[in-house]
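A.B. asks: Below: one structure in structure tokens.
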Protein chains: 2
Amino acid sequence: MGRAMGLAGLLAGLFFVSAVLVSTSLRHGAPRSQPEPAEWEPASGAVPAEDSLWPLPQRLRTSRRQLQLAPDRFQLVHGAGSSAGPACGLLEDAFRRYYEYVFGRPGRRTRGRRQLGALARPELLRLQVVIGFQDPGCRGFPHLFSSEAYHLTITEPVAVLKADEVWGALRGLETFSQLVYEDDYGSFLVNESEIDDFPRFAHRGILLDTSRHYLPLKSILTNLDAMAFNKFNVLHWHIVDDQSFPYQSIYFPELSDKGAYSYNHIYTPTDVRLVIEYARLRGIRVIPEFDTPGHTQSWGKGQKDLLTPCYSGEQPTGSFGPVNPILNTTYDFMTKFFKEISSVFPDAYIHLGGDEVNFDCWKSNPEVKEFMKKQGFGIDYAKLESYYIQKVLDIVSSYNKGYIVWQEVFDNKAELKPDTVVQVWMENNYAHELSSVTAAGFTAILAAPWYLDYISYGQDWKKYYSVEPLNFPGSEKQKKLLIGGEACLWGEFVDATNLTPRLWPRASAVGERLWSSRNVTNLQDAYKRLTNHRCRMLRRGIAAEPVFVGYCAHEARGQ
Amino acid sequence: MGRAMGLAGLLAGLFFVSAVLVSTSLRHGAPRSQPEPAEWEPASGAVPAEDSLWPLPQRLRTSRRQLQLAPDRFQLVHGAGSSAGPACGLLEDAFRRYYEYVFGRPGRRTRGRRQLGALARPELLRLQVVIGFQDPGCRGFPHLFSSEAYHLTITEPVAVLKADEVWGALRGLETFSQLVYEDDYGSFLVNESEIDDFPRFAHRGILLDTSRHYLPLKSILTNLDAMAFNKFNVLHWHIVDDQSFPYQSIYFPELSDKGAYSYNHIYTPTDVRLVIEYARLRGIRVIPEFDTPGHTQSWGKGQKDLLTPCYSGEQPTGSFGPVNPILNTTYDFMTKFFKEISSVFPDAYIHLGGDEVNFDCWKSNPEVKEFMKKQGFGIDYAKLESYYIQKVLDIVSSYNKGYIVWQEVFDNKAELKPDTVVQVWMENNYAHELSSVTAAGFTAILAAPWYLDYISYGQDWKKYYSVEPLNFPGSEKQKKLLIGGEACLWGEFVDATNLTPRLWPRASAVGERLWSSRNVTNLQDAYKRLTNHRCRMLRRGIAAEPVFVGYCAHEARGQ
């Protein structure tokens, strides 16, 4: 591009006040069509921004007209008429964060500053963020019904990001940051664009398991960053399980004193608060899972008589089974324990587990057998399980919390409140299960096809990407009851050494499936965007593994 | 343990001058037998050293008599009669390194220092290292016939490590460092022991691929550390391939200028020297692979006319196939190129590749077809491949280098020098291939069952561990021709983000198979030692992934 052209561009920039979106390429899954000629040719080598958008917005119109951003001048600001202002710490924090994602850290920033080319293009001076609802939500927590929709208009000299609540603004800031790119000379450019965006599903989660292996706080926070980059909005924190109990309870400190792997494998109340706040600032809900009555071996270490003693004939074996459902002390404990959990975790939902209960120990215990007889359960231990679950559900309800349960709880016919969320995890015939759950009028989230701990050779992201969640038999009304899904990274083989590269960008495939339009399914287009998105994650400090052969301009530094 | 007992121990220590190895547990694959009572009970909670040895030494006698090491006093020194002294930089460097592996960095070290218990046990004051051969090898490079045997005697007050050459001393230092453990009070202890050790196979390699993805220098060096911890002695550096040419050639700088992914995806001559020296200091050979005639797309970018132009009918398609075997210029280039390689890489062997040559392009090219006719090859393109390989082998031979080739070169009946090493990589029926290669009198290395880039869910280390390399039909003489094996981590899906956790500790399983005695095969015993070994690698800064559920006292810090 010659100097004369640059001057022409400058003039065009000065007089081209009202932005016209010239070429349109609606990107709903179709292979990208060639954009029409525009005012400026893009610099060679630079990755066009729309080749790196992830997840793809619902509606995107982009022009080839490039605006330049000057790191020393560009500002993220509250727009006129916004209900949020400088007192909105959440947005202020997000402005600072996204400024850095766009321009890099100060050390790098000087690169693109004083360029001859800087005169050649019209300049984007500001991004104005306008929150429409009277309560912008700055101090609140995101919830299932939060609005994450946003409208982003990038025209010279000011871009405008409109959202009902701060949660939509966060999503729009992420998109804006993905639209800015550097040309070969280090100039920061953005094409004039208009974006109208909202999530397809309201619940888009990542399950992390801190029981099979403890995850240091830093790993959790790093992955909250990555979740925000992929527009996930739920951290399903499978915090305790058989193997260890890292959650430090205020009422029952013995649970982690004796049930954690060690004294330094614990999440203190401060740690938990930090995770919740770090997530909130990124529009992410934290839903803790305290799975009972199975998966509770570690609970038994610090809470006497909580678990069922197993028998061999007449004799206790010394080992223990699931939570003991026949003792009043069990429910006294659960009442107090979930009172704490309900107050520590602000989300409206608690995940109560209820999966994979092994009946062998219950069957071996004479007192349990006696209880079964009294209750008229016969030998149907699923009924005993439901009896237990029912009581726990009632306890949690009494604290005005909703609950999520694994599919067995539904399968075993526990009496569930209408707002119960059933999480479908069994791979086998999960469409049928979705059908049953929603036919019964319950809300469902899908995890079955997205167990990311099951690794295999090659590009398995395509498998995750190709899932269509609504492909199950059912009415329109039923389909509406599927509110989202989760990518689950169970922790048997995962800890801080391999968590991040194992999760990203494989989970990104799930992220786009849950956010973008149903017809965004083109694998070739996704591959191109995903590889660029992965490089962007690397630049932002996420050790996302490679999708396939190739390289990033800024590689991970190596360990 | 009470104070009185401690005093008794002190007295025992003072008078128990000549060390007696009381209890013996020869560990050849059998489940560990209960050790007999010894002078001191081990402190509870501490991991007995023999539960973390990896790979298991050939002969190990260990007593329950514990010696204490005082970080401020303990010294690694050259012993009387050693041919190596303070001028041996390699050993001096190793002493410093292993001192730190044993005691941790200075910050941590103070912990175990002034303890009451420190008076209670006899003290190990020094480890004396004695090199027997007249030339200790301090300035040399390890080679296929280097001696890695060592004899280690740990008795009060001085331990002695004897080896023929420095290479054995390095292996013995690693073992010594694995024998020292910390008790619950932070005291450093080692049991009186005697170890006689040597590798079962001479070639124990790790293949890293820096073409599919560039690996930053730091990743390579970190993995050389990990290799030393697992007694690997060959880095098979698959440095270039179709995808990129990161090797910066002195004679042909255009190869990387045009063939590397980018200007900062290059190994400069300084980088290469650094890798070689870092490896040498750890007793590791660096064998570079320059794979031809296939796998060479990236070579073509910087070297005109090197690759075969492909045709569609009468017309060149503009794409290129394998190296063009019919031009004299090809051999002029190879002569000069391998002259450089032969001088840059000190190892006696160069890996020349020769795998997976696709004949389609050769078949399409009229000049190649003409050449085939002239040479009387008919339509047997394997003959053309052998013709090419033959010439390259002769070139490399003329520089007094041996060569390693992938199995196809043997299968295609190229005329090979008797000292050629054939690397067997095809999974299908590899025992049969080992049989054929060794029956023809060639030396073989086995890679087929150890392609670690093929990941799967669960503890796949067991699969790698359960391979018995000598399980192929053949005479004793043939068995001797199998000189070792390699764990291969091809780079399609691996870069600095996931290399280390993907390789370790899975490659450790291969490491023990290639070092330890044939009958060390007990999976339960291996599991216990491997999990402890993995935690030790973490402590030493290697982000080795977990073997299964559990924890380490010192976890990875998270990214």
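The values are calculated or read from the model by the stated rules, or taken from the named source; none is laboratory data. The structure displayed is predicted, hence computed values, not measured ones. Neighbour counts run over all protein chains shown; Cβ positions are idealised from the backbone, glycine included. Remember, those area values only see protein heavy atoms, side chains included, never the ligands or the DNA or RNA. Shrake-Rupley method; radii C 1.70, N 1.55, O 1.52, S 1.80 Å.
A.B. asks: Condition check: over 27 Å from residue B:104 (Cα atoms), touching a helix residue (DSSP H, G or I) at 6+ places or on another chain (Cβ under 8 Å) and in contact (Cβ under 8 Å) with a residue 40 or more places away in the chain. Does residue B:489 satisfy that?
C.D. replies: yes
A.B. asks: Among the residues of the stretch A:270-299, what is the count of those that are over 14 Å from the mean Cα position of the chain (by Cα) and among the charged types (D, E, K, R)?
C.D. replies: So in the stretch A:270-299, the residues over 14 Å from the mean Cα position of the chain (by Cα) come out as A:270-274, A:277, A:289-299.
In the following step, the residues that additionally are among the charged types (D, E, K, R) were identified as A:271, A:273, A:277, A:289, A:291.
Count: 5.
A.B. asks: Could I ask something else about it? Does residue B:422 satisfy the condition of being closer than 15 Å to residue B:484 by Cα and either within 25 Å of the chain's Cα centre (by Cα) or at pLDDT below 95 (or both)?
C.D. replies: Numbers: closer than 15 Å to residue B:484 by Cα: yes; either within 25 Å of the chain's Cα centre (by Cα) or at pLDDT below 95 (or both): yes.
Taking the combined requirement at face value, the residue satisfies it.
A.B. asks: Another one. Within the stretch B:193-232, which residues are charged (D, E, K, R) and within 14 Å of chain A (Cβ to nearest Cβ)?
C.D. replies: Across the stretch B:193-232, the qualifying residues are B:209, B:212, B:218, B:225.
A.B. asks: Can I ask one more? Looking at the stretch B:296-379, what helices (runs of 4 or more DSSP H) fall wholly within it and have at least 3 residues that are in contact (Cβ under 8 Å) with a residue 40 or more places away in the chain and hydroxyl-bearing (Ser, Thr, Tyr)?
C.D. replies: The helices (runs of 4 or more DSSP H) meeting that bar are B:328-344.
A.B. asks: So, residue A:454, is that one hydroxyl-bearing (Ser, Thr, Tyr), without any contact (Cβ under 8 Å) to a residue 12 or more places away in the chain and at negative phi or not?
C.D. replies: So residue A:454 passes the test.
A.B. asks: Now for a different question. Sort out which residues of the stretch B:49-99 are farther than 27 Å from residue B:141 by Cβ, within 26 Å of the chain's Cα centre (by Cα) and not basic (Lys, Arg), and write them in order of number.
C.D. replies: B:49, B:50, B:51, B:52, B:53, B:56, B:60
A.B. asks: Keeping to the stretch B:250-281, report how many residues are open to solvent by 60 Å² or more (accessible area, probe 1.4 Å) and in a loop (DSSP other than H, G, I, E, B).
C.D. replies: Residues meeting the conditions: 4.
A.B. asks: Condition check: within 11 Å of another protein chain (Cβ to nearest Cβ) and either crowded, with 24+ Cβ neighbours inside 10 Å or touching a Leu at 6+ places or on another chain (Cβ under 6 Å) (or both). Does residue B:504 satisfy that? Even if it seems obvious, please write down each step before you answer.
C.D. replies: Working: within 11 Å of another protein chain (Cβ to nearest Cβ): yes; either crowded, with 24+ Cβ neighbours inside 10 Å or touching a Leu at 6+ places or on another chain (Cβ under 6 Å) (or both): yes.
Considered against the rule, which asks whether it is within 11 Å of another protein chain (Cβ to nearest Cβ) and either crowded, with 24+ Cβ neighbours inside 10 Å or touching a Leu at 6+ places or on another chain (Cβ under 6 Å) (or both), residue B:504 comes out as yes.
A.B. asks: Additional query: Among the residues that make up the stretch A:451-474, is at least one of them within 14 Å of chain B (Cβ to nearest Cβ), crowded, with 21+ Cβ neighbours inside 10 Å, touching a strand residue (DSSP E or B) at 6+ places or on another chain (Cβ under 9 Å) and modelled with pLDDT of 95 or more?
C.D. replies: The answer is yes, given that some residue of the stretch A:451-474 is within 14 Å of chain B (Cβ to nearest Cβ), crowded, with 21+ Cβ neighbours inside 10 Å, touching a strand residue (DSSP E or B) at 6+ places or on another chain (Cβ under 9 Å) and modelled with pLDDT of 95 or more.
A.B. asks: Let me ask something else about it. Which number in (1) of a type outside the set (Asp, Glu); (2) crowded, with 18+ Cβ neighbours inside 10 Å; (3) at pLDDT 95 or above marks the one condition that residue A:86 misses?
C.D. replies: Among (1) of a type outside the set (Asp, Glu); (2) crowded, with 18+ Cβ neighbours inside 10 Å; (3) at pLDDT 95 or above, the lone unmet condition for residue A:86 is (2).
A.B. asks: Which one is surrounded by the most Cβ atoms within 10 Å (Cβ to Cβ), of the residues in the stretch A:238-249 that are in contact with a strand residue (DSSP E or B) (Cβ under 6 Å, 6 or more places away or on another chain) and within 14 Å of chain B (Cβ to nearest Cβ)?
C.D. replies: Looking at the filtered set, the residue picked out is A:240.
A.B. asks: Would it be correct to say that residue A:554 is more than 8 Å from every other protein chain (Cβ to nearest Cβ) and part of a loop (DSSP other than H, G, I, E, B)? Spell out how you get there, then give the answer.
C.D. replies: On the way: more than 8 Å from every other protein chain (Cβ to nearest Cβ): yes; part of a loop (DSSP other than H, G, I, E, B): yes.
So residue A:554 fits the description; yes.
A.B. asks: Taking residue A:540, is it out of contact with any His (no Cβ under 9 Å at 6 or more places or on another chain), open to solvent by 30 Å² or more (accessible area, probe 1.4 Å), modelled with pLDDT under 95 and charged (D, E, K, R)?
C.D. replies: So residue A:540 fails the test.
A.B. asks: If you don't mind, another one. I'm trying to understand the selection: among the residues of the stretch A:475-501, which are away from chain B (no Cβ under 14 Å) and among the hydrophobic types (A, V, I, L, M, F, W, C)?
C.D. replies: Result: A:481, A:482, A:483, A:487.
A.B. asks: Continuing with this model, one more query. I need the full set of residues from the stretch A:441-497 which are of a type in the set (A, V, I, L, M) and closer than 24 Å to residue B:545 by Cβ, in order please.
C.D. replies: Result: A:447, A:452, A:455, A:487, A:489, A:494, A:496.
Yes or no, residue by residue, for (1) open to solvent by 10 Å² or more (accessible area, probe 1.4 Å); (2) over 24 Å from residue A:343 (Cα atoms); (3) without any contact (Cβ under 8 Å) to a residue 60 or more places away in the chain:
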site: A:139; (1), (2), (3): yes, no, yes
site: A:156; (1), (2), (3): yes, yes, no
site: A:180; (1), (2), (3): yes, yes, no
site: A:194; (1), (2), (3): yes, yes, no
site: A:219; (1), (2), (3): no, yes, no
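A.B. asks: I'm trying to understand the selection: among the residues of the stretch A:509-533, which are open to solvent by less than 10 Å² (accessible area, probe 1.4 Å) and more than 13 Å from residue A:56 (Cβ to Cβ)?
C.D. replies: A:510
A.B. asks: For residue A:491, all conditions in the list (1) more than 30 Å from residue A:419 (Cβ to Cβ); (2) open to solvent by less than 40 Å² (accessible area, probe 1.4 Å) hold save one; what is the number of the exception?
C.D. replies: The number of the failed condition is (1).
A.B. asks: Does at least one position in the stretch B:315-330 carry a residue that is within 30 Å of residue B:139 (Cα to Cα), of a type in the set (S, T, N, Q) and open to solvent by less than 60 Å² (accessible area, probe 1.4 Å)? Before you say what the answer is, go through the steps one by one.
C.D. replies: Pass one, the stretch B:315-330, residues within 30 Å of residue B:139 (Cα to Cα): none.
Within the stretch B:315-330 (the criterion being within 30 Å of residue B:139 (Cα to Cα), of a type in the set (S, T, N, Q) and open to solvent by less than 60 Å² (accessible area, probe 1.4 Å)), the answer is no, since none of the residues qualifies.
A.B. asks: Then there is this: Whether any residue in the stretch A:139-155 is acidic (Asp, Glu) and in a loop (DSSP other than H, G, I, E, B) is what I want to check. Reasoning before the result, please.
C.D. replies: First, pick out the residues of the stretch A:139-155 that are acidic (Asp, Glu): A:148.
Subsequent filtering for residues that are in a loop (DSSP other than H, G, I, E, B) retains A:148.
Yes, because at least one residue in the stretch A:139-155 is acidic (Asp, Glu) and in a loop (DSSP other than H, G, I, E, B).
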